[in-house]
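Each remark here refers to the structure printed beneath this line.
Read the figures in this text as sums done on the coordinates, not as results from a lab. Owing to the predicted nature of the structure, the values given are computational and were not obtained by experimental measurement. Every residue, glycine as well, gets a Cβ built from its backbone with ideal geometry; the counts of neighbours run over all protein chains shown.
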Amino acid sequence: MGKMRNYRAYLSISASGPLLNVDSSEILNATLTDMRPRALAELAYTTADVDFLEGNWTSENYDTAPNELHRRLTNPKLEEFRREMGTIQNWFSNFYDHDDWDGGCLTFTYAGHGRESDGALVLEDGDITWACFLNELLTLVPENNEHRLRVIILLDSCYSGSFLT
């Protein structure tokens, strides 16, 4: 594995998704069944899971980079995700002309629902498909960048393998 990057951004998202709301939860709890479709899973702990990871990354430790940006979203809308990717791009752009610019690193964490058909990451009002995510990644560093952006993806969602492949 190569050396640590000098410029590291973190985007952590927890999303309980739109499928299980108060009304549907009450109906499910009133039924006398232990069965619950995946799409209606109660994802109350996605926030705790991502908070744990984010807490690890924000604490000073052996792999803390000289320059870090931490962004955290809980139950975001698609536009909020895109806005945060823009924030990361703007932050990276401050360092493009630095002598130690190494291409940067993005650690992306998502915990929530994954769409059955393709593993898309389910947000409050839309989905992050693999194509949407790739397009956002391509905006983070300039095309003429001589260094590659390193991307670390942690997905805690159903069908995440489909999203990655």
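Out of the stretch 122-134, which residues are in contact with a Lys or Arg (Cβ under 8 Å, 6 or more places away or on another chain) and among the aliphatic types (A, V, I, L, M)? Talk me through it step by step, then tell me what you get.
To start, the set of residues in the stretch 122-134 that are in contact with a Lys or Arg (Cβ under 8 Å, 6 or more places away or on another chain) comprises 122-127.
Those that are in contact with a Lys or Arg (Cβ under 8 Å, 6 or more places away or on another chain) and among the aliphatic types (A, V, I, L, M): Val122, Leu123.
Of the residues in the stretch 46-71, how many are exposed (fewer than 14 other Cβ atoms within 10 Å of the Cβ) and of a type outside the set (A, V, I, L, M)? Walk me through how you get there before you give the answer.
Taking the stretch 46-71 as the starting set, the residues that turn out to be exposed (fewer than 14 other Cβ atoms within 10 Å of the Cβ) are 48, 52, 55-56, 59-64, 66, 70.
Then keep just the ones that are of a type outside the set (A, V, I, L, M); that gives 52, 55-56, 59-64, 66, 70.
Residues in the stretch 46-71 being exposed (fewer than 14 other Cβ atoms within 10 Å of the Cβ) and of a type outside the set (A, V, I, L, M): 11 in total.
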